[in-house]
Structure formats: C-alpha cells, structure tokens
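The values are calculated or read from the model by the stated rules, or taken from the named source; none is laboratory data. Source: prediction; values computed, not measured. When we count neighbours, we look across all protein chains shown, and the Cβ atoms used for this are built from the backbone with ideal geometry, even at glycine.
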Amino acid sequence: MRFVDEAIIQVKAGKGGNGCVSFRREKFVPRGGPDGGNGGDGGSVYARASTRLYSLYDFRLKRIYEARNGQGGMGSQCDGHKGEDLIIDLPAGTQLYERTGQGETLFADVSDPGSLVLLAAGGRGGKGNEHFKSATMRAPHFAQSGDPGEERSFRLELKILADAGLLGLPNAGKSTFLSQVSAARPKIADYPFTTLTPNLGVLIDDGDPDRRMVIADIPGLIEGAHTGQGLGDRFLRHVERTRFLVHILSVEDVNLDSDAPWAGFELINDELEQFDPQLAGRRQMEVVNKIDLCTPEQLEALRARACADGREISFISARDGVGVEELVERMWRLYGELDRNEPLVRYREETVVDEQFPDIEVVWTHE
C-alpha cells in the first residue's frame, strides 16, 4: 500500500428540502385549508476515526464528499424525509485544517476511534404553508425554501498513532527489525537505502495474545531534519504520536576511536529538541544494530564503552535475530510502565449536542 499522509478534500452538507404549498381538497370538505408539509433537513457530514485505515491515499483519489439533500414537503401534511448523513472514516490521528481565503486553521483532531466530528451541518428544511396558517391568514399561498448545507474545504494531515516509534539515521536497520517482530513487510534490501514512507507493525505478546503494541517505523532522519532537510519535518511530526522511542543506530556509525562514539544518537536527539522540546524528553531506548558486521572483540569493546558511559544500550543483529528477543522484552517492560490512559494528542475536547441530531455525540476539538 502506498502511504500518503496529506490530502485535500471538499465536504458539502445536504440542502434542506423546500416546504410544500398544498390545500386539502376532499369531497364534502369545503375550504379544507392549507396542508403543505415541511421539507426534510439536509444530511450532515461527519468524520470518524478508524483503526483499520493507515493512509490518506484514498482521499487523493476521491476529493469531494456530499451528504444527501432533504426531501421536499408534500400535501396532506406529509413532511419530507431527512437527507442521509455522510460519515467519512479517517485514519486515527488525522488532523483537519479548514482552508479559507485567510489561510488554514486547525478545525479538528480525529484521534478517538468511534467519536464523530461534525464537519458540515445540513441545511434546515423549509416550512410548508400549513405552518403559516392563522386566524388572519387562512390560505397562505407560499412556503419556505430549504436552507443550503454548509460547505468546507479541508487539508488532511495524518500523524500516525503508535505505542513505539523506531527512530534513527538512514540505513540503521529499523525496517528489518520491524519485519522480525511483526507481520509488517516493509521494503528491505542488501544495498543502502532509506525507507520513504512510515510503516506500521503490531507486536503481539506471546503470553497474552490480546496484548498488542503498535510500532511505527519512522523514515530515516538526517541533520537539519527539523528545518526540512532530507525527509525533514514531514516525518518528524509522526514521532509526536508515539508513547516511547526505540532509537536504533547502525554499528557502522559508531567509532570507538572518537571522543563521541555515540554521536549518531545525539544528532537525532538534537533534531527532536529543535523540532519539539517535549519530544526530547520522551522515554527512549538506545539500540545498536548490525553487530554481525563486527568481531566478538569489537562487540565486547562496544559493550564496555557503553557501560563506562552509563548508557543502557541493546546490541542486536536484526538480520540474524541476535539480541532481538531481549530487546522486545525491554520494550514490553517499558510499555507496561507507561500510562496507557495518557492522551497522545495535546488538544482539549468538548462534547456538544446538535439540536437537530440529539442522538449523535459530536466531539469538537480545540487547540
């Protein structure tokens, strides 16, 4: 599947149905009077977070979403049917920015699966002439037109939601590790290259099949990523929605002869700090991968240096599976220590009730 994390869509709610001008005409009922029914309300457009979607690719193919119009009123005091609402399923973690002539503003953050966010309200149905009869107006020959539905343009931006984020320089072996511990099948090759799109995998606890951890493979970052260099902040934003980070460094990027052998870790951490200081303080596990490329003596020297520097580093070979099981156990321990109820999204939500649709819970999200 091609991963797309941005798209632009148009949403249009349904128009309210027109009221009806009608008069009761029955045998033996003289001056039957007005009996035109009301038009039905137009359908509204809602967004709903789905855990079964991981990309905005479909929204690049279909960009216009319209709810149904309300039906017009009819004679014999028959009201028109309400237009059917349209619910758009979005990947959990999608932010919607409303596009206007003045620019873009954050409209909603769709992150809680099942909750509905009202994007465009349907138009109100018009009143039929039966509604306007009175003692002084016994035969109104007019009815109310239905109101148009709201119409908005949105830019969708996906920030994937995951428990653990795999972070590191390009060609560190993050995709290989993800393929070892989950059913994800990202592109892997023997030649140097970097992942260009985020990949998600699910790690299942062997002792409890119902216990699962979602892992996001964040594309490799380089120096200056926070300013847009390389893949840049386009993918740094995905790190914001992870509960902890697994920072992977290739053994090829470790130089024990240098005064700063772990400079690869510090480079990415500096990018996190400059992009968002809160990310730099997020719980992080350090991993050195590709130990199959070094000798046992070199590996022992790496372990000794890490111990001397006070760093708890896991040494693995994702390709051969060496040390992977021990790293997964560390991840499960950290996973258990974190507060699962702590929200990943730094926005407050307000639940409101739409008077037209009291049975639907609508969640508005504010920055």
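Tabulated data for the structure shown
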{"quantity": "Which numbered condition GLY149 misses (of (1) over 18 Å from the mean Cα position of the chain (by Cα); (2) at positive phi)", "calculated": "(2)"}
{"quantity": "Residue among ASP35, ASP58 that alone is surrounded by fewer than 23 Cβ atoms within 10 Å (Cβ to Cβ), touching a Lys or Arg at 6+ places or on another chain (Cβ under 6 Å) and not β-branched (Val, Ile, Thr)", "calculated": "ASP35"}
{"quantity": "ASP79 being touching a residue at least 40 places away in the same chain (Cβ under 8 Å), within 21 Å of ARG124 (Cβ to Cβ), crowded, with 24+ Cβ neighbours inside 10 Å and among the acidic types (Asp, Glu)", "calculated": "no"}
{"quantity": "Test result for LYS27, more than 28 Å from GLY201 (Cβ to Cβ) and surrounded by 23 or more Cβ atoms within 10 Å (Cβ to Cβ)", "calculated": "no"}
{"quantity": "Residue list for region 58-81, filter: in a loop (DSSP other than H, G, I, E, B), touching a strand residue (DSSP E or B) at 6+ places or on another chain (Cβ under 9 Å) and either charged (D, E, K, R) or outside the structural domain of SER153 (by TED's automatic domain parsing) (or both)", "calculated": "LYS62, ARG63, ARG68"}
{"quantity": "In region 253-268, residue nearest to the chain's Cα centre (by Cα) [restricted to those that are surrounded by 12 or more Cβ atoms within 10 Å (Cβ to Cβ) and more than 14 Å from VAL287 (Cβ to Cβ)]", "calculated": "LEU267"}
{"quantity": "GLU286 in contact with a helix residue (DSSP H, G or I) (Cβ under 9 Å, 6 or more places away or on another chain) and of a type in the set (Asp, Glu)", "calculated": "yes"}
{"quantity": "Unmet requirement for ASP89, which otherwise passes all of (1) assigned to a loop (DSSP other than H, G, I, E, B); (2) at pLDDT 85 or above", "calculated": "(1)"}
{"quantity": "Test for GLU84: is it surrounded by fewer than 17 Cβ atoms within 10 Å (Cβ to Cβ), part of a loop (DSSP other than H, G, I, E, B), at pLDDT 85 or above and on the phi < 0 side of the Ramachandran plot", "calculated": "yes"}
{"quantity": "Matching residues, region 121-143, being in a loop (DSSP other than H, G, I, E, B) and surrounded by 20 or more Cβ atoms within 10 Å (Cβ to Cβ)", "calculated": "ALA121, GLY122, GLY123, ARG124, GLY125, GLY126, LYS127, GLY128, ALA143"}
{"quantity": "Single residue of region 280-290 satisfying the filter (in contact with a strand residue (DSSP E or B) (Cβ under 8 Å, 6 or more places away or on another chain) and not polar (S, T, N, Q)) that is modelled with the lowest pLDDT", "calculated": "ARG282"}
{"quantity": "Residue pairs meeting the criteria (Cβ under 7 Å; at least 6 apart or on separate chains; first on the phi > 0 side of the Ramachandran plot, in region 313-340; second hydroxyl-bearing (Ser, Thr, Tyr) and assigned to a strand (DSSP E or B))", "calculated": "GLY323/SER314; GLY323/SER317"}
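Table: residues versus (1) assigned by TED's automatic domain parsing to the domain that holds GLY93; (2) at pLDDT below 85; (3) under 37 Å from the mean Cα position of the chain (by Cα).
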site	(1), (2), (3)
HIS238	no, yes, yes
PHE275	no, yes, yes
THR295	no, no, no
GLU300	no, no, no
SER317	no, no, yes
